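Down below is the structure, laid out as structure tokens.
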Amino acid sequence: MNNKKTKNLTLLALFIAIEAVMVMVPFLGFIPIGPLRATLLHVPVIIAAIVLGTKQGCLIGLVFGLSSLLMNTMQPTVTSFVFSPFISGSVLSAVIAIVPRVMIGFVSGSIYQLLKDKQQAIATAVAAFLGAITNTVLVLGGIWALFGTSYAKAIGQDASKLGSYFLAVSSTQSLLEAFVGVVIVVIVTKPLFALMKRG
């Protein structure tokens, strides 16, 4: 029992460290693409949620969210105000930066627990994909609902066409992030499950 708890704490610390390194190393955690930043920071969140549990996934998601807030505050782009209350002056920016990232852990962990008894690889892939999509839907949906007009102005878009713009982002960049994430998660979780089962 103590051995399992030690493994859990060690892996949790490892995921936090990985998340921190990905944030600090240029072009590893956040990859600038025009006014947007593509990211793979959802991957450690999903892996933690699947291997360690939903609560631990939510904790790593919180680290992701706080990292996003910090990165957008310290290295801002034209759209960073939607993630940083220090730039926008609104606490709603912190909500967009943090809540979707915590929800990645909740959704992916919950979906995996629901499906794991059927087929582990499929359960892992579905949980990873839905976790990544959760981030996309909640972040873009939050921006649209809370900062739509300001965001459209910042990127030079007509506010009435922002929905179409987000749909295009979702069908290209976000789906690519999701599929890459699924591949990494399926590959990485297999040895981690084996590790967790030993002694």
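Taking amide H atoms as placed 1.01 Å from N in the peptide plane, the amide H of residue 39 lies under 5 Å from those of 31, each 5 or more residues away in sequence or on another chain. Principal-axis analysis of the Cα atoms of the chain puts helix 2-24 at an angle of about 30° to the longest axis.
Could you give the length gained on full extension between residue 158 and residue 115, defined as 0.36 nm per residue of separation minus the Cα-Cα distance, in nm?
The residue 158-residue 115 span can extend by a further 11.3 nm.
Comparing mean-square fluctuations of 187, 143, 50 from a GNM of the chain with C-alpha springs under 10 Å, the top value falls on 187. With all protein chains present, how much of the accessible area of the stretch 1-156 (probe radius 1.4 Å) comes from carbon and sulfur, to the nearest whole percent? Solvent-exposed carbon and sulfur of the stretch 1-156 make up 72 percent of the total. When only alpha carbons are used to place a centre, the stretch 114-128 and the stretch 49-78 end up 23 Å from one another. The count of lysine pairs in the chain whose Cα atoms are under 29 Å apart, excluding pairs fewer than 8 places apart on the same chain, comes to 24.
I'd like to check one number: the per residue accessible area of the chain, probe 1.4 Å, reported in Å² as a whole number.
50 Å²
The values are calculated or read from the model by the stated rules, or taken from the named source; none is laboratory data. Because the structure is a prediction, the values reported are computed rather than measured. Surface accessibility is based on the protein's heavy atoms, side chains included, excluding ligands, DNA and RNA. Shrake-Rupley method; radii C 1.70, N 1.55, O 1.52, S 1.80 Å.
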